[in-house]
Amino acid sequence: EVNNGSTQSATFTNTGTVTANLLAETGSSIAVADYNGSITVNNSGTISGNAQLATATFNNNAGGVWNVRGSNSFGSGANAINNAGTINVAGVSSFSAAGSLAFNNSGTVNVRPNSGANIRGAVTGSGTFSIGDRSQLELASSVAAGQVSFAGGNGLLTVDTPSTFNAAITGFAVGDIINLLGIAVSGTSINGSTLTITEVGGPTVTTQCPGALKGSRVAASEPTLVPPSARTPDRSP
């Protein structure tokens with residue numbers, strides 16, 4: 001915890017293990033905190049716990065592991081999460097900032113079974129977001145590239161700004177749902193693995209769903225894509 005009366009910046013570099021012992025008990029269990037000035041976190045080890053930071057750059061380096069469960073909040077400046085390692089998300093978790101948040105993912109973000117993750121920042125990078133069984137991922141801003149993978153069945157992907165979603169989607173199967181918010185649909189088409197959704201008076205949303213679209217359907221009244229014979233998943237524990 002960095003808690004001083006100045007506005008000087010701090011750097012925290014971890015190659016070992018930092019553990020919030022109550023992480024499995026409460027979503028407010030903090031592993032790294034900074035309450036004044038800016039901070040850069042360089043993690044090449046394992047951090048188990050949430051981050052509550054002032055303006056920050058959180059580098060989860062290759063080989064680094066960050067286990068979260070709950071709210072991860074950043075300050076009012078320009079913040080960044082640069083993930084080249086693995087972020088494991090459990091429970092109901094979020095990544096947000098009072099200012100801007102850039103989520104640069106070249107590694108893997110695993111949304112564990114029976115969990116939910118809300119990414120409230122622009123996503124870039126070629127990495128993967130993996131949605132576990134009976135779990136959900138909400139992407140609240142633009143997604144420049146990368147891949148979203150349904151890993152366990154009965155998953156939910158919510159895209160808040162479909163016109164700026166450019167990731168590929170894999171593993172889409174019976175029980176999974178893709179929910180596109182805030183758009184009215186005038187037409188849809190499926191060509192091979194390419195899903196195209198035309199908005200009323202707006203742009204066309206195109207994404208890739210390799211190997212998943214044969215026989216799928218899109219409900220125009222509610223822009224939700226479900227595979228054939230799908231049912232609404234029971235996401236109770």
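Quick test for you: out of GLY116, GLY155, pick the one residue that is farther than 22 Å from LEU53 by Cβ, open to solvent by less than 20 Å² (accessible area, probe 1.4 Å) and of a type in the set (Gly, Ala, Ser).
GLY155 is the lone residue from the list that is farther than 22 Å from LEU53 by Cβ, open to solvent by less than 20 Å² (accessible area, probe 1.4 Å) and of a type in the set (Gly, Ala, Ser).
When you check VAL68 against the structure, is it farther than 19 Å from ASN42 by Cβ, crowded, with 17+ Cβ neighbours inside 10 Å and of a type in the set (Val, Ile, Thr), yes or no?
no
Wholly within the range 1-92, which strands (runs of 3 or more DSSP E) include no fewer than the required count, namely at least 3 residues that are closer than 24 Å to ALA122 by Cβ?
39-43, 50-52, 56-60, 65-68, 71-74, 78-83, 86-89
Only one of (1) of a type in the set (S, T, N, Q); (2) open to solvent by less than 60 Å² (accessible area, probe 1.4 Å); (3) at pLDDT below 75; (4) part of a loop (DSSP other than H, G, I, E, B) fails for SER141. Which number is that?
(3)
Is one or more of the residues making up the range 2-12 surrounded by 17 or more Cβ atoms within 10 Å (Cβ to Cβ), at pLDDT 95 or above and of a type in the set (A, V, I, L, M)?
no
I'm checking my understanding of the structure. Among residues of the range 152-167 that are within 14 Å of the chain's Cα centre (by Cα) and among the small types (Gly, Ala, Ser), which one is nearest to THR108 (Cα to Cα)?
If we take residues in the range 152-167 being within 14 Å of the chain's Cα centre (by Cα) and among the small types (Gly, Ala, Ser), then ALA167 is nearest to THR108 (Cα to Cα).
Taking the range 169-211, which residues are assigned to a loop (DSSP other than H, G, I, E, B), at pLDDT below 75, open to solvent by less than 40 Å² (accessible area, probe 1.4 Å) and out of contact with any Leu (no Cβ under 8 Å at 6 or more places or on another chain)?
Matches in the range 169-211: ILE183, GLY202.
The values are calculated or read from the model by the stated rules, or taken from the named source; none is laboratory data. What you see is a predicted model; the values in this text were computed from it and never measured. Cβ atoms come from the backbone with ideal geometry, glycine included; neighbour counts cover every protein chain shown. These accessible areas exclude ligands, DNA and RNA; they are computed on the full protein's heavy atoms, side chains included. Shrake-Rupley method; radii C 1.70, N 1.55, O 1.52, S 1.80 Å.
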